[in-house]
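Asks: Structure in structure tokens, see below.
The values are calculated or read from the model by the stated rules, or taken from the named source; none is laboratory data. Every value quoted in this text rests on a predicted model; they were computed, and no experiment measured them. Please note: Cβ atoms are built from the backbone with ideal geometry, for glycine as well, and neighbour counts cover all protein chains shown.
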Amino acid sequence: MPSSTTERGAGPGTEVVERLTAEWAEPPTLRGWFSTVDHKRIGRRYLVTAAVFFGFAGFSALAMRTQLAGPEAEILSPGEYNQLFSMHGTAMIFLFSTPMLFGFGNFLVPLMVGARDMAFPRLNAFGYWVFLFAGLFMWASVPAGAAPNGGWFAYVPLTDERHTPGLHLDVYTLGLLFLGISTSAGAINFIVTSLKLRAPGMSLNRVPVFVWAIVATSFMVIFALPVLNLDNALLFLDRRFDTRFFDTDRGGNVLLWQHLFWIFGHPDVYIIVMPALGIVSAVLPVFCRRGIVAYPLIVLSVVAIAIISFGVWVHHMFATGLPQLSYGFFSAASTIITIPSGLQIFAWLATMLLGRIVVRVPFLFVVGFIVTFVIGGFTGVMFALTAFDQQTTDSYFVVAHFHYVLFGGAVFPILAAIYYWLPKISGRMYSERLGRYAFWLIFVGMNLTFFPMHVSGLLGMPRRVYTYPGGLGWDPWNLLATVGAYVLGLGLLLVAVGVVHALRRGAPAPDDPWGGDSLEWATSSPPKPYNFPVLPRVHSLHPVWDPRTAESTGPGATEDRILTDGRQTLFTSELDGRYERAVRMPEETLKPLVAAIGLLTVFVGLLFAWYWVAAAGGALFAGTLAGWLWPAHRTPEEAGVPA
Amino acid sequence: MTERLSPRAATFGGLLLWFAVLGGVLSWTVHALAAWSIDELTCEAGHDELAGFPLTGAIALAVLLPAAGAVAALGVSVLAWRRTRADLPEGGEQSVGRAHLLAFVGLWLNTLALAMIVLGGVAALVLSPCQR
Amino acid sequence: MTERGEGILTAATRPTGLATEEPVGRSTGWWGVMLFLTTEGTLFAALFGSYFYLRFQHGAPWPPDGIRQPELLLPLIMTAVLVPSSLPVLWAEAGIRQGRRWQLRAGLFGTLVMGGTFLGLQGVEYSGILREYTFTTNVYGSLFYAITTFHGSHVAVGLLMVCWLLVASLHGSFGPHRYERVRIVAYYWHFVDAVWVAILFTVYLSPRL
Amino acid sequence: MASTDAVVRSRRFVAGSAGGGLLLLLSGCAGGGPSTLDPAGFGARRVEGFWWLLFWISVVVFVEVMALLVWALVFRRRPDRRVNRSEPTRFVVVAGAGLPIVVLLTVYGIGLRDLAALSTPEVPPAVTVEVTGHKWWWEVRYAGVDGATANEIQIPVGEPVLVRLRTVDVLHSFWVPQLMPKTDLIAGKVRETWLHAERPGEYRGQCAEYCGLQHAHMAFLVVARPRAEFDAWLARLGAPARTPDSDAERRGQQAFLGSACVACHTVRGTAATGTVGPDLSTVGARWSLGAGAVSNDGGHLGGWIANSQTVKPGNAMPPQPVDAAALPDLIAYLQSLR
């Protein structure tokens, strides 16, 4: 089924390639580096930046585990510990997981749907710069000793001005508001790209699962993120301008914060995990040498999780003493949401059982994912049940649970994705041996770190404590977890070494090293700036395994899919992917960077209460936007105005 | 397409499919928001009735009406799923294949939504509204 | 037409009916603005939800602390100014579709005047209410000012966009083939109008229920 | 709950020995600590039973999934194997949805039943404890008794006790793992839970909701004792503080009343009536200082008075400029308050 170059068609002539290169190539200048709008370069930057933030958050975790290795340790002060655990959570959720997966989405979605770029390339560049600046904005607070210290959940009234003076929580609220602009822009871009830029013939029943997952995730962002933004805006107003939303003495209500936070927060768990599940559905079948079993059920599962995740938030509030019946409704949804996940697990298992398995490093990480994610799923069901939840919530059992879900459910797939798509992204193969060492260290380290936390939680250890007394039965489990954290850290370091090694010394990668089925494997490694010399025509769910798609990019390819007149790509219809028309794509520009700098100025100004600076930043942003979107002058004939 | 429909009928058919896909989960959304907010807000304010109307009755309505909506959507999705089942050669008529997939997704979504509404109803039978 | 003699329902539930693409043929700009407005709409919905959550948890009396029920006359006048301001936008858009650039400019100018009047009236309203309570008085004050100011800033952004469009139209960029930006700004403006109706209900009418 | 200790122990033995090493470790480590698996109260026991049910279901399903996974990894790797291209949708539906829904409905039902059981005790509680959360300690009062203690809740054994929870500042959570699942303390609201200790003993509790700098040091102890002992203790709590009966204690009392301590602390029957910090009328009998920060002995007490910020950074008590010569007397006095 992996097709050779001849089967795939010889493609268009060199003249076409030259014209496409002339249109799409970006100048290799410094200015070009800042002005790029190429989704592949932007995707790579997302990946690298998110990986760096992962490193920071990981070191925070190592510091915390060192402090908790034994009872009554004094390596970190309580103030430092609380900032570190708050930043660890906030960064892992907001600055690592979602941007990392958006990075893969950025690189892969246009390739997988057979387009030449995202729907809004300049918005894409803008999203990256905002993410970078927001991440630096938040991390800069750590050396300044002003990092968020209210936990990633920042419950009021602890986080109000009276109980936490200083910039800590202003960094948190403003940083997340700033970052939210990037995430929302990215989400809109993914949805529109997937709706309008799919290759002709790619009706919804032929869309790769990864793209379904990215789109579902983006819709969740659209509906969940504004609620977090509102919550943070209200907290900022309370802290800075003495409004009374959370002030119980003046009619405010502290549970409002929790409701709004978790209306965002629970969907966010799936915002993180969903693209990762999409990665698994992309990687696993390829190493089983067959298409994924029960594609319609997988799609159902993606859609169902995206929707139901909005109706389970109160299970984070089962101990707040609300009426039990109101828990019942959310307990019901939290229970049912496991069904779609179960369908996916068994679809993957069936794919493995029916296929012929080839064990390579990406597949190892997928297996690691299944083992850990299943365990996280069990404890997830337990937390859906109110009585059990009330006993174990806010204990280390929760910490164990969500690390199994998030490390197992997101980091393992991300690692699989790194090894799987590295040849495509960089054009280099990684070292299989280094990869295997890394896998085993990570798998063992991960379980050694987080499994004991189930036990210490059941033994009554509450979470978010900077130290604990000895002799309560918690000591050995904490020591084990700390040892595991170091093993895990070593494994992750080895991944970094492996990536650098591949980039420096790796063998050149073929176009399709794995025999993949989706369209990114139908182009060169790394892809040319225009992605595809001929936009393919899709006839089935597995276009690369389908000779008709190869034929469509062969010598007989029609001009309406080659499009060499300027930067062009295709619009197709939303549901059925029917050919609509060719459209112009924008050139590279510095405006996204300038607009992002404007926003950075706004948020720095707000943070330090320099409101004139903020206003100036706002003016810069608005002015740049006005120029960015300024319509080109048209002659009356071009615009269609009757003379 | 071999047969032609009036634009009105075609649009209506397209929208009907979306009802088949999303009708159930929309009903469940209404159920979850209504039942939870009625219960929490009334009880936290220290009442056990809603403007003279017994709380249990209000919650029962917030279970039964959405359940009816989910059942309706389930019916439409079953119909749509069967109507679009025509055996299609791979790469054949992509619209019908796509509609079949969406109807299938809707079928399951409606079932899951109905299950959640019913489980919520079970909770309402077991627990009295303001019990903590 | 096949459905002659049969109901629209029968026709619509044929395979071809159910397989009709809907939505279809929209541009990326249309989708972009719709998704943006969806996420904005969710933000306002959450804000209104918070209003009712805080109100019902607070219990009677609402407004608390002896604050009087909101006056209705001025908000109704504001409604009468803002909601019809969608009409000149529609008219402007219809004009440019026909290639009448003067109609586009006149319509946008009309919107600008009406939207500006609305903001002015909001200032008048604030100057009265600020003497009674501010956003620090209690949660009711915070809600009132947060909701109305947040919407007011949307109106202001909308007006900036209309200004921008007006300048661009003087520059001669629009015509029957090139008016997508007009449509996008129009959608935003209609959205701002619709949100105001929700505010009228939430902030001004609901305390009287 | 009718189960006696023996039944409980045998059940845990069965669970433990069947589960192998991990469970032995769990059960083994349960002794001494505040383990949810060593329940001594109605609510915690109910949830413990539920946990073992969930645990065993998880084990069975995990074994099933792992068996399929290992099977595939072992037997589906032969290079000459022909790929099966069928679509076993029915298998996926049955295994991924059909079987889970049965299990899920069962545990959902049991969960609702347990939840309802946790709601109210079978007999109405006769004792009401008023617990107030502070950053970072617990103020404990009893309905109808004028007097307060801190970080220590005495209850009669064998009967339900109502606990009414308030907070004066941020959110806290009241959790005694061996007795009852947790209940959050919500600013602006009053929450209620109840405790029912089945056997006498001391049960460690701790704040479970992150509450700032010293969240780690906000522990308390629930002491369950026979009704008569409890009644005597409660009467003692309501009475004025013990008067000093040695010279050292009297000098200590003078030093205490002459210091800034009285601005924040109460010792009933004296001029000290501050309400910012814990009531010290019975401080000498408490299990710890600083809500679990250090043990309550002379050395730690002296260190705490001199500069509690080195012991529990961030707590509300400023360092006290006590004359080094007067410190032993002060310690003696405070330790005599029992």
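Asks: Test of understanding: among A:Arg578, A:Arg584, A:Arg634, A:Arg561, which residue is basic (Lys, Arg), touching a residue at least 40 places away in the same chain (Cβ under 8 Å) and within 14 Å of chain C (Cβ to nearest Cβ)?
Replies: Result: A:Arg578 is the single residue among A:Arg578, A:Arg584, A:Arg634, A:Arg561 that is basic (Lys, Arg), touching a residue at least 40 places away in the same chain (Cβ under 8 Å) and within 14 Å of chain C (Cβ to nearest Cβ).
Asks: What do you reckon, is C:Phe150 of a type in the set (Phe, Trp, Tyr) and surrounded by fewer than 18 Cβ atoms within 10 Å (Cβ to Cβ)?
Replies: yes
Asks: Mind listing whichever residues of the range D:297-325 are within 27 Å of the chain's Cα centre (by Cα) and free of Cβ contacts under 8 Å to residues at least 12 places away in the same chain?
Replies: Scanning the range D:297-325 gives D:Asp297, D:Gly299, D:His300, D:Gly303, D:Gln309, D:Thr310.
Asks: Quick one: in the range D:101-122, of everything that is assigned to a helix (DSSP H, G or I) and in contact (Cβ under 8 Å) with a residue 24 or more places away in the chain, which residue is nearest to D:Thr193 (Cα to Cα)?
Replies: My answer is D:Leu118.
Asks: Something else: Which residues, taken from the range D:168-182, are surrounded by 23 or more Cβ atoms within 10 Å (Cβ to Cβ) and either in contact (Cβ under 8 Å) with a residue 60 or more places away in the chain or not aliphatic (A, V, I, L, M) (or both)?
Replies: The answer is D:His172, D:Ser173, D:Phe174, D:Trp175, D:Val176, D:Pro177, D:Gln178, D:Leu179, D:Met180, D:Pro181, D:Lys182.
Asks: Of everything in the range A:397-430, what is outside any helix (DSSP H, G or I) and buried (at least 23 other Cβ atoms within 10 Å of the Cβ)? Give them in sequence order.
Replies: Result: A:Tyr430, single match.
Asks: Counting only residues that are out of contact with any Leu (no Cβ under 9 Å at 6 or more places or on another chain) and part of a helix (DSSP H, G or I), which one in the range A:236-257 is surrounded by the fewest Cβ atoms within 10 Å (Cβ to Cβ)?
Replies: Of everything passing the filter in the range A:236-257, A:Asp249 is surrounded by the fewest Cβ atoms within 10 Å (Cβ to Cβ).
Asks: For the range D:148-177, name all the residues that are assigned to a loop (DSSP other than H, G, I, E, B), out of contact with any Asp or Glu (no Cβ under 6 Å at 6 or more places or on another chain) and at negative phi.
Replies: Result: D:Val157, D:Glu159, D:Pro160, D:Val168, D:Asp169, D:Val170, D:Pro177.
Asks: Among the residues of the range A:438-488 satisfying the criterion of being touching a helix residue (DSSP H, G or I) at 6+ places or on another chain (Cβ under 9 Å) and surrounded by fewer than 18 Cβ atoms within 10 Å (Cβ to Cβ), which is nearest to A:Arg505 (Cα to Cα)?
Replies: A:Trp440
Asks: For the range D:94-111, give me the residue count where each residue is among the aliphatic types (A, V, I, L, M) and at the interface with chain A (Cβ under 7 Å from one of its Cβ atoms).
Replies: Residues flagged as among the aliphatic types (A, V, I, L, M) and at the interface with chain A (Cβ under 7 Å from one of its Cβ atoms) within the range D:94-111 amount to 5.
Asks: Any residue that is more than 8 Å from every other protein chain (Cβ to nearest Cβ), at pLDDT 90 or above and in contact with a Leu (Cβ under 9 Å, 6 or more places away or on another chain) - is there at least one of those in the range B:80-95?
Replies: Yes; the residues of the range B:80-95 include at least one that is more than 8 Å from every other protein chain (Cβ to nearest Cβ), at pLDDT 90 or above and in contact with a Leu (Cβ under 9 Å, 6 or more places away or on another chain).
Asks: If you don't mind, another one. Which residues, counting only those in the range A:31-70, are surrounded by fewer than 16 Cβ atoms within 10 Å (Cβ to Cβ) and closer than 25 Å to A:Arg584 by Cα?
Replies: Hits for the range A:31-70 are A:Arg31, A:Gly32, A:Trp33, A:Phe34.
Asks: Determine if the range A:369-389 includes at least one residue that is more than 7 Å from chain D (Cβ to nearest Cβ) and touching a strand residue (DSSP E or B) at 6+ places or on another chain (Cβ under 9 Å).
Replies: Yes: the range A:369-389 contains one or more residues that are more than 7 Å from chain D (Cβ to nearest Cβ) and touching a strand residue (DSSP E or B) at 6+ places or on another chain (Cβ under 9 Å).
Asks: Test of understanding: among D:Ala219, D:Ala197, D:Ala208, which residue is within 18 Å of A:Gln391 (Cα to Cα), among the small types (Gly, Ala, Ser) and either in contact with a Lys or Arg (Cβ under 6 Å, 6 or more places away or on another chain) or without any contact (Cβ under 8 Å) to a residue 12 or more places away in the chain (or both)?
Replies: Exactly one residue qualifies, and that residue is D:Ala208.
Asks: If only one of B:Gly106, B:Gly121 is modelled with pLDDT of 95 or more, touching a helix residue (DSSP H, G or I) at 6+ places or on another chain (Cβ under 7 Å) and more than 8 Å from chain A (Cβ to nearest Cβ), which one is it?
Replies: Among B:Gly106, B:Gly121, only B:Gly106 is modelled with pLDDT of 95 or more, touching a helix residue (DSSP H, G or I) at 6+ places or on another chain (Cβ under 7 Å) and more than 8 Å from chain A (Cβ to nearest Cβ).
Asks: Could you say whether any residue in the range A:198-220 is touching a residue at least 60 places away in the same chain (Cβ under 8 Å), within 8 Å of another protein chain (Cβ to nearest Cβ) and closer than 20 Å to A:Gly127 by Cβ?
Replies: Scanning the range A:198-220, I find no residue that is touching a residue at least 60 places away in the same chain (Cβ under 8 Å), within 8 Å of another protein chain (Cβ to nearest Cβ) and closer than 20 Å to A:Gly127 by Cβ, so the answer is no.
Asks: Could you check how many residues of the range A:498-548 are polar (S, T, N, Q) and either more than 24 Å from A:Gly105 (Cβ to Cβ) or surrounded by fewer than 17 Cβ atoms within 10 Å (Cβ to Cβ) (or both)?
Replies: 1
Asks: Further question on the same structure: Counting only residues that are of a type in the set (D, E, K, R) and crowded, with 24+ Cβ neighbours inside 10 Å, which one in the range A:161-202 is nearest to A:Val583 (Cα to Cα)?
Replies: It comes out as A:Lys196.
Asks: Tell me, yes or no, whether the range A:584-603 has at least one residue that is surrounded by fewer than 17 Cβ atoms within 10 Å (Cβ to Cβ) and in a strand (DSSP E or B).
Replies: yes
Asks: How many residues does the range D:57-89 hold that are of a type in the set (Lys, Arg) and within 7 Å of another protein chain (Cβ to nearest Cβ)?
Replies: 4
Asks: May I pose another question? Looking at the range A:262-313, which of its residues are among the small types (Gly, Ala, Ser), closer than 20 Å to A:Pro226 by Cα and away from every other protein chain (no Cβ under 11 Å)?
Replies: A:Gly265, A:Ser309
Asks: Right, something else. Which residue out of C:Gly32, C:Gly41, C:Gly49, C:Gly25 is among the small types (Gly, Ala, Ser) and assigned to a loop (DSSP other than H, G, I, E, B)?
Replies: Of C:Gly32, C:Gly41, C:Gly49, C:Gly25, the one residue that is among the small types (Gly, Ala, Ser) and assigned to a loop (DSSP other than H, G, I, E, B) is C:Gly25.
Asks: Residues being within 24 Å of D:Thr282 (Cα to Cα), of a type in the set (D, E, K, R) and either in a loop (DSSP other than H, G, I, E, B) or within 14 Å of chain A (Cβ to nearest Cβ) (or both): count how many of those fall in the range D:187-244.
Replies: 3
Asks: Take C:Gln57 and tell me if it is of a type in the set (S, T, N, Q), within 11 Å of chain A (Cβ to nearest Cβ) and crowded, with 18+ Cβ neighbours inside 10 Å.
Replies: yes
Asks: Just to be sure, is A:Thr193 away from chain D (no Cβ under 14 Å), under 30 Å from A:Thr159 (Cβ atoms) and modelled with pLDDT of 95 or more?
Replies: no
Residue-by-condition table, conditions (1) surrounded by 14 or more Cβ atoms within 10 Å (Cβ to Cβ); (2) modelled with pLDDT under 95:
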site: D:Trp52; (1), (2): yes, no
site: D:Ser58; (1), (2): yes, no
site: D:Leu68; (1), (2): yes, no
site: D:Pro100; (1), (2): yes, yes
site: D:Tyr108; (1), (2): yes, yes
site: D:Val123; (1), (2): no, yes
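Asks: A further question follows. Residue check: is A:Val227 within 13 Å of chain C (Cβ to nearest Cβ), touching a residue at least 40 places away in the same chain (Cβ under 8 Å) and of a type in the set (Val, Ile, Thr)?
Replies: In short, no.
Asks: Somewhere in the range D:183-205, is a residue closer than 29 Å to A:Leu76 by Cβ and β-branched (Val, Ile, Thr)?
Replies: No; the residues of the range D:183-205 include none that is closer than 29 Å to A:Leu76 by Cβ and β-branched (Val, Ile, Thr).
Asks: Conditions: (1) at pLDDT 95 or above; (2) within 19 Å of D:Trp287 (Cβ to Cβ). D:Glu130 meets all but one. Number of the miss?
Replies: The single condition D:Glu130 does not satisfy is (2).
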